[in-house]
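First comes the structure, then the notes that go with it.
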Amino acid sequence: MSLSRRLTLTVVLASLVTALVLGLGALLSTRALFDRYVQQTASGRQQMLAQTLAGYYAERGNWQGVEQVLNGLPVGGSRPGMMGGGWGRMGSGGMGPPVGGAGASNAGPAVWALLDSDGRPVAASPQTPLDPGTGLPAGLARPVDMPIESGGRVVGHLLLSGELSSVLDALEAAFRRSLLGWLLVTGLVALGVGALAGWFASAGMRRRATALATAAAAVGSREFSARVPDEGDDELGLVARSFNRMAGDLQRSEQARRNQLADVAHELRTPLAVLRGQLELLEDGVIEPEPATFRSLQDDALRLSRLVADLEQLSLAEAGRLTLHWRTFSPAEWLAQEIETFRSAAAEAGIDLSAAVAGALPSDAQGDPDRLGQVVANLLANALRHTAAGGAVTVAAGANEGGWGFTVRDTGEGIAAGDLPHIFDRFYRVPQAGEAPAGAAAAERRRGSGLGLAIVKGLVQAHGGRVWVESSPGKGSAFYVWLPLQRPQMG
Ligand code: ADP
């Protein structure tokens, strides 16, 4: 069943149940009130009747001729089911001695009998045959016995047929019928209003859910630009926002995947083009097959295989599948060795390379020194490349609780604030001043693939460590690496 149909049905049911409960409550409470009202009216009338008869007896001292009076009085009522007549109507009309035929004219014959103080019948309703055994009217079953008192003693009993209950029953039945009629009308109205309200309430929800389903289907078929309108603070709005976020992430990662493929193709194209061009020149005899030519060819081939190796290493590191040969080593010794390998390059570039390895470094640390060596190498190579002759590159190291680290600081060109958040991204290269837009200079001299820092980050993270940078353009940069002392329990 659809969501909107279920919602409409719920609203309809809720309206119906409310209408029914309210109706039943009204029925029950009104019935109790109604019963009490009729009972009170009836007993009031009975007392007044008893007083009239007592007055009659007090005047005469006997019951002779009382049937004349009684026939004129509304002692009886209508037949059961006659609403508005009988006791009910007498109640509202008040009790005036003889009200004449007001009750008798439209009421059926009332059954009554008047007994004297000894229990002998002295008068009875004329229209009903007498029971030969009791001498009382035949229909006087379950009578209401109303003692008549005069002068402090009981002088007679007026027996009235138990019509009161049947009148009440009839009135109540009629009342209930009318209330049930109203209940039916109210129920139908509740049904209509509920259906309309449910339909309106679910219309917006239905529209938004359909939009979500359509967008989800679009994303499923790789249309990552699909979005849903972000309306409302309700749960559907929350789902819509989460969906849009998810679609945005998917779109970005799809874009990144495409960019990577394009970047890899681009990175490979340049050295391959150079290689192919040189081979063609060699074939055409334009250049001589001498050792310098072969060295240049080999350089290009080397650069290509380094790029492929970098890519492989990066993809392994990012997938968490890099094999690290963990062992215990002394960071101070290790760092001194790594720096040593760059001494001649620094001297060649006219840069002062110094180390400030603190004695406070722990003697034992766990890690893969070869992989970490590549971290230092990439950072030092970058520092030397981006620092002009006469500048300085300093490596400092230290330890803190649970870890140790080192900093490669240079007095070079620095990195602009806009580039800082991206320099650890793969293939990200800070455009050099005067450089043509990326991609336009296919034949430019290769100066770095933009993979160095991405590999640094991948290797440091594989060790459970962190790397970050601080830099001021024109003043220099500092790359910080922090590593845990112990091999972390990962995954
Ligand atoms: P590449 O191998 O091309 O140098 P990296 O990932 O190592 O790529 O560096 C990314 C970018 O960060 C480079 O384009 C470079 O401009 C910049 N960069 C890296 N290290 C430094 C540094 N010490 N000083 C200034 N810029 C740097």
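The values are calculated or read from the model by the stated rules, or taken from the named source; none is laboratory data. What you see is a predicted model, and the numbers here were worked out from it, not measured in a lab. FYI the Cβ positions are ideal-geometry reconstructions off the backbone, even for glycines, and counts take in every protein chain you see.
Does segment 337-353 contain at least one residue that is touching a residue at least 60 places away in the same chain (Cβ under 8 Å) and more than 16 Å from the ligand (Cβ to nearest atom)? No, segment 337-353 contains no residue that is touching a residue at least 60 places away in the same chain (Cβ under 8 Å) and more than 16 Å from the ligand (Cβ to nearest atom). Looking only at residues that are in a loop (DSSP other than H, G, I, E, B), of a type in the set (A, V, I, L, M) and away from the ligand (no atom under 12 Å from the Cβ) in segment 374-421, which one is nearest to Glu340 (Cα to Cα)? By that ranking, first place goes to Ala389. In segment 27-38, how many residues are at pLDDT 80 or above and surrounded by 12 or more Cβ atoms within 10 Å (Cβ to Cβ)? Summing the residues that are at pLDDT 80 or above and surrounded by 12 or more Cβ atoms within 10 Å (Cβ to Cβ) in segment 27-38 gives 0.
Close contacts from segment 447-464, counting a first residue that is within 12 Å of Leu314 (Cβ to Cβ) and more than 9 Å from the ligand (Cβ to nearest atom) and a second that is β-branched (Val, Ile, Thr) and part of a helix (DSSP H, G or I), with Cβ to Cβ under 6 Å and a gap of 6+ residues or different chains, come to Leu459/Val375.
Selection of first residues in segment 355-374 that are surrounded by fewer than 17 Cβ atoms within 10 Å (Cβ to Cβ) and of second residues that are among the acidic types (Asp, Glu), restricted to Cβ pairs under 8 Å at least 6 apart or on distinct chains, gives the following pairs, ordered by first then second residue: Gly373/Glu338.
Restricting attention to segment 190-242, the residues that are within 26 Å of Ala14 (Cβ to Cβ) and among the charged types (D, E, K, R) total 7.
Exactly one residue out of Gly248, Gly198 is surrounded by 12 or more Cβ atoms within 10 Å (Cβ to Cβ) and either in contact (Cβ under 8 Å) with a residue 24 or more places away in the chain or among the acidic types (Asp, Glu) (or both), and it is Gly198. Set side by side, the residues Gln64, Gln51 differ, and just one is loosely packed, with under 12 Cβ neighbours inside 10 Å, within 23 Å of Trp112 (Cα to Cα) and modelled with pLDDT of 80 or more, which is Gln64.
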